[in-house]
Structure formats: C-alpha cells, structure tokens
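Structure record follows, encoded as structure tokens.
The values are calculated or read from the model by the stated rules, or taken from the named source; none is laboratory data. The structure presented is a predicted model; accordingly, all values stated were derived computationally and were not measured. Every residue, glycine as well, gets a Cβ built from its backbone with ideal geometry; the counts of neighbours run over all protein chains shown. The protein model used for the area step is the full one, side chains on, heavy atoms only, and it has no ligands, DNA or RNA in it. Shrake-Rupley method; radii C 1.70, N 1.55, O 1.52, S 1.80 Å.
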Amino acid sequence: MSEKATLSVGGKEYELDVTVGSENEKCIDIQKLRAESGYITMDPGFGNTGSCYSDITYVDGANGILRYRGYPIEDIAEKASFVEICSLLIYGELPNAEILSKFRRALAEHAPLHTSLEKHFAGFPQGSPPMAILSAMLNLVSCFHPDVLEVYSEGHGFDRTAALLLSKVRTIAAYSYRMSIGRPLNQPNPNLDYSANFLHMMFSEPYREYEANPVIEKALSLFLILHADHEQNCSTSTVRAVASSRANLFSSIASGVCALWGPLHGGANVGVIKMLEDIKTSGRPIDHYLDMAKDKSNDYRLMGFGHRVYKNFDPRSRILRNKVDVVLKELNRKDPLLDIALELEEKTLKDDYFISRNLYPNVDFYSGILLRAIGIPLDMYTVMFAIGRMPGWIANWRELHDQRLRIARPRQVYTGATERSFIPLEER
Ligand code: ACO
C-alpha cells in the first residue's frame, strides 16, 4: 500500500498522497488540499515546493551530487562534448555516432543569421548590456522563422527548432560582442565544432584567423557542460512558467535569459570578478569583506557563495577550480584573482558564519576566473552561462509540453485592506 500523510487542521484530518522519486526523494502531494479543506500552503521562494516530476537532472544538495539523465557530472565533464550533452539532456539518451553527426550538421546549418537580422545589431546603442541584446534578439529570431512559433512537441518540427535555437544563440552572442567593440562580424565556420566556432566568431579578425588552442576549446566546452542544466532553479522555473501558458520556445527561453541576468543567479559570475578585483585594488584585508558579508545591517554578500540546494559543496565548483589550473598552466600565466579567491575560500571554510549556514563556493565562484583565462570579456560572462543553459531550458520546455502540465498559477494570502468605499477625488 502506498504511503499517506495526514494533515490535522481546523479540527479535521486530511489524508494526502505521498509520492517517491527514483532517488527516493519524498513528496507530499497537496494538489487536492485547497478544494477539500480551503487551506493553501505558503512557501515564498519555493524552497520546499515541488513544481513538477522531471526525468532530466538530479541534484542531491546534501551530498554534492549532480547527474544529467543519470550520468554523474564528474564523468560527463571528463569525457563528453557539449553537443553530446545537448542531445542527452533534450532527448534523454546519449546519441550514437549517426544521431550525433546529424545533430552537428543541423547546428552547422542553422548557425548563420538572416542578413536582415544581422542589421538589427546596429540598432543597439554602444554599451548595451549583452543580456538585454540576447533576450531581445532571441524573440527577434522567431520573427524570421515564423514556423518555429507553432512548434509545441516532438514530431512537429521540434528537432529543427531546438537545433536552430542552440545554434543561433551562439552566433547572436558572438555578434553582440563584435558589435560592442566595433569590429566586423565573422561568419560561422561549419567545419568547426561548437566551442571552436564560437571562439572563431568572437576573436577572428579579417587579417588573422583565430587559432583555437585545444586546451582552451576543451575548457570552454567544459564550462558549457557544467552550466547545461540544474533542475528547477530561478531561470528554468521561469522558462517553465512562461511555457505553461503554451508560449513558444523562443519567448519562453528569452524570459529565462532575463531571469538568469540577476546577480543572485547567473549574474553572480560577473559579481565574483568585480568582488575579487575590488579586494585586489582596495588593498583592504579579506577579513574586511568577510565582516561586511556577515554584517546584517547591509545587503553585501560574498558573490559566488551559497546555494539554495547545495548544503555541502557544489561539485561544479571543484571541477572548474581544477580546470583553471590546467588552463593557466597551458598559457603559462598566473592570475592574481585566483590567489585571492583561494584565500577567500580557505577563510570561509574556517569561519563559523559560513560553516553554520552551509555556504560554500558555487558554480560562479571559479567560472569567471576560467572565462578570464579563456579571454572572454567580463560583460559576456552571463551570456556564456545562458549559452550553456540552453539545452537544459529546451529540455524542460519540452518535458512540460509532453506532460501537458497546467498553467503555472500560484496562490497568495491577501494581507491588504478589506473592502472599503471609493472616495471621489474632490473629497480626498
Ligand atoms: N554571503 C553572505 N551571507 C550569505 C550568502 C553570501 N553569499 N548567501 C547566503 N547568506 C546568508 C543569508 O544572509 C542568510 O543568513 P541568515 O540566516 O542569518 O539570515 C543565510 O545565509 C541563508 O541565505 P538565503 O538568502 O536564505 O539563501 P537562499 O537559498 O535564499 O539564497 C543564494 C541562495 C541566492 C545563492 C544566496 O546564497 C546568495 O545570494 N549568494 C550570492 C550570489 C550568488 O553567488 N548567486 C549564484 C548562485 S548559483 C546560480 O544561480 C548559478
């Protein structure tokens, strides 16, 4: 017999179903509670609320475990390519050679932008935030491919639409950078793989083709893989909420880009570098920054620390930390920000404030140092996160449609004025 939970409230008992996930995650299903009892449950920030049953990504925050479709992130990080992971996340299984090569061909085919679309970049004022450009351009792409607006599930052009989005986002990101520095746009090269093609579009010049170093290329691919999905975080939940109104893939994902932009989410990778730069240039001791982060009279937080789910360590942070060493060694370079980051991490690990709140470095803490080493400019960091997160957003959009989930519509407890009579302007 399946387990039940009993809720006793207002002198009555209500029996609620208990569901269990494949990793033994337990859930009390309250869907019928309001209709039966008149009570809703309250959970601002949804810290303890499940919004879906999902087969895509598993996170065990207590033990620092992250798996895509069952595959541990440590395994994937070492052995997979980003394109393979896109296919795995979106379609559920690792692609065989034939599927992978078809997928790569589709990405190559969709990489160029419509020439009229290219002109739109010129309309953005100098210095426009790249995340604003990205979200605007994603909606704009759909105007040039109106068929994608009608795609809701597999078998109805979904494969083409997903490949188009994964490929165009890379070109849009590179072009927004080229425009921002006033350099000519580089057409995508179909012979290059995903990361190398991106680096080429970012850094090739008419007089000098960008020569990709395999170590850098692999580091970028790793960065994208580590950001590819992370179950029901703020931006993915946003994509799902928008998609639940049956909004098309492009508009749903453009909303995800906006949600990711915030400094408490994907914007933290920029925040980390600004914080480390500030520590370096101010000459103040690290303890000064720790004290500020602990002081409840201000909002200052250590960027790149803490996580809603990870209460032990974020496995992505460890992988990135190791990759930073590999890349800096390959380039025969040192980064003073890495030394500061290491000292900061070491101090927090011994500090009661951070220990008692389970605050450890998250994915953003070392990712910025890696992107710096690769040569990506600071204002593009969150865009890089968005490129990486594309397959996760697409997979979640598809799963929601396949499961035919209801429109997202939380309840509230109203705390405003009770009914009162309108007062005409002249009497106020
Ligand atoms: N520095 C200092 N204190 C912190 C930090 C931090 N980075 N993060 C959390 N805390 C403290 C809070 O002040 C709070 O203390 P209190 O219990 O005394 O009030 C406690 O830890 C719990 O914090 P919450 O804000 O309740 O945790 P929540 O799960 O809501 O937030 C978040 C998680 C947003 C990641 C938070 O830790 C944070 O702001 N970190 C800094 C920004 C950051 O790195 N974001 C990237 C997250 S990963 C990602 O999105 C890809």
Can you list residues from other chains, or at least 5 along the same chain, whose modelled amide H is less than 5 Å from the amide H of Gly64?
Lys311, Asn312, Phe313
Output the DSSP H helices from the chain with an along-axis C-alpha extent of no less than 15 Å and a mean Kyte-Doolittle hydropathy no less than -0.5.
97-110, 130-144, 158-180, 214-226, 249-261, 268-282, 315-331, 336-349, 363-374, 381-402
At 1.4 Å probe size, with no ligands or nucleic acids counted, give the accessible surface of Val363 in Å², nearest ten.
10
Mean Cβ-within-10 Å packing, highest first, puts peptides 287-294, 14-21, 244-251, 386-393 in the order 386-393, 244-251, 287-294, 14-21
Compute the distribution of all C-alpha to C-alpha distances in the stretch 44-109, in bins of 5 Å from 0, and list the percent of pairs in each, rounded to whole numbers.
3, 14, 22, 20, 15, 12, 7, 4, 2, 0
So for the stretch 133-281, what percent of the C-alpha to C-alpha distances run longer than 25 Å?
39
What order do Thr49, Thr281, Thr415, Thr382 take when sorted by accessible area (1.4 Å probe), most exposed first?
Thr415, Thr281, Thr49, Thr382
Among Glu3, Glu343, what's the order by accessible area (1.4 angstrom probe), most exposed first?
Glu3, Glu343
Give me Rg/Rg_expected for the stretch 262-407, where Rg uses Cα atoms only and Rg_expected = 2.2 N^0.38 Å with N residues.
1.15
Assuming R0 = 60 Å, can you tell me the calculated FRET efficiency for the pair Lys350 and Arg208, based on Cβ-Cβ distance, to the nearest 0.05?
0.80
For Lys168, give me every one of the lysines with a C-alpha distance below 19 angstrom, ignoring sequence neighbours fewer than eight places off in its own chain.
Lys102, Lys119
Could you work out the per residue convex hull volume over the alpha carbons of the stretch 95-158, in cubic angstrom?
119
Expressed in angstrom, Rg and Dmax over the Cα atoms of the chain are 23.4, 80
For Gln403 paired with Lys26, estimate the spin-label separation in nm (one decimal), with each label point 7 Å from Cα along the Cα-to-Cβ line.
2.1
Burial order of peptide ranges 301-314, 400-413 (average beta-carbon count within 10 Å, highest first)
301-314, 400-413
Taking a 27 Å limit on the Cα-Cα distance, which of the listed pairs Lys294/Lys334; Lys274/Lys296; Lys296/Lys347; Lys32/Lys311 fall beyond it?
Lys294/Lys334; Lys32/Lys311
Quick one: if the Förster radius is 60 Å, what FRET efficiency do Leu264 and Glu427 give, using the C-beta to C-beta distance and rounding to 0.05?
0.85
Given an 8 Å cut-off on Cα distances and at least 6 residues of separation, report the relative contact order of the chain as a percent.
20
